[in-house]
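*Asks:* Mind having a look at this structure? Questions to follow.
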Amino acid sequence: SEGHAGAGRFWDDVWAFQIPPIGMTAASVTDAFLQAVGRKTGEGKWTRVTPGPYEEESALDAQGPGPRGWIASAPLGDLEENAILIFGGLSESNTRLGDGWIFRLE
């Protein structure tokens, strides 16, 4: 394997993994209710994220950052609940990317 020197093919899809909610939050109450009535919560499942525009974003921006690998990412919990920052990475042509994207999960 060539590591980052042989970038190759990257994907442009985004997936989210449902973890157990933190106690005494809206999510934990919702999950407790669903379990009480015999419905599934989605915990422990992967779900494909479908991008869409946020407030005044154009439809082109809503398509997302495109295929890339070797990214940096971080949760924005203190600044914006349910959002993560994606920064940089390598394109399929092995060029460094210096852009940043915020994914807001609903």
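The values are calculated or read from the model by the stated rules, or taken from the named source; none is laboratory data. In this text, all values refer to a predicted model and were calculated from it rather than measured experimentally. Here Cβ is always computed from backbone atoms with ideal geometry, including for glycine, and neighbour counts include all displayed protein chains.
*Asks:* Between a first residue in the range 35-54 that is acidic (Asp, Glu) and a second residue that is surrounded by 10 or more Cβ atoms within 10 Å (Cβ to Cβ), which pairs have beta carbons less than 9 Å apart while being 6 or more apart in sequence or on different chains?
*Replies:* GLU43/GLN18; GLU43/PRO20; GLU43/PRO21; GLU43/ASP31
Okay, residues lined up against (1) in a loop (DSSP other than H, G, I, E, B); (2) acidic (Asp, Glu); (3) surrounded by fewer than 10 Cβ atoms within 10 Å (Cβ to Cβ):
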position	(1), (2), (3)
GLY38	yes, no, yes
THR41	yes, no, no
ARG48	no, no, yes
GLU55	yes, yes, yes
SER58	yes, no, yes
ALA62	no, no, no
GLY66	yes, no, no
SER73	no, no, no
GLY77	yes, no, no
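*Asks:* Mind checking which residues of the range 22-36 are outside any helix (DSSP H, G or I) and over 16 Å from LEU105 (Cβ atoms)?
*Replies:* As a first pass, look at the range 22-36 and keep what is outside any helix (DSSP H, G or I): 22-25.
Correct list: GLY23, MET24.
*Asks:* Taking the range 55-97 on its own, how many of its residues are in contact with a Gly (Cβ under 7 Å, 6 or more places away or on another chain), among the charged types (D, E, K, R) and at pLDDT below 80?
*Replies:* 0
*Asks:* Filter the range 88-106 down to the residues that are assigned to a strand (DSSP E or B) and within 12 Å of the chain's Cα centre (by Cα) and list them by number. Walk me through how you get there before you give the answer.
*Replies:* Here is the first cut: in the range 88-106, the ones assigned to a strand (DSSP E or B) are 88-90, 96-104.
Matches in the range 88-106: TRP101, ILE102, PHE103, ARG104.
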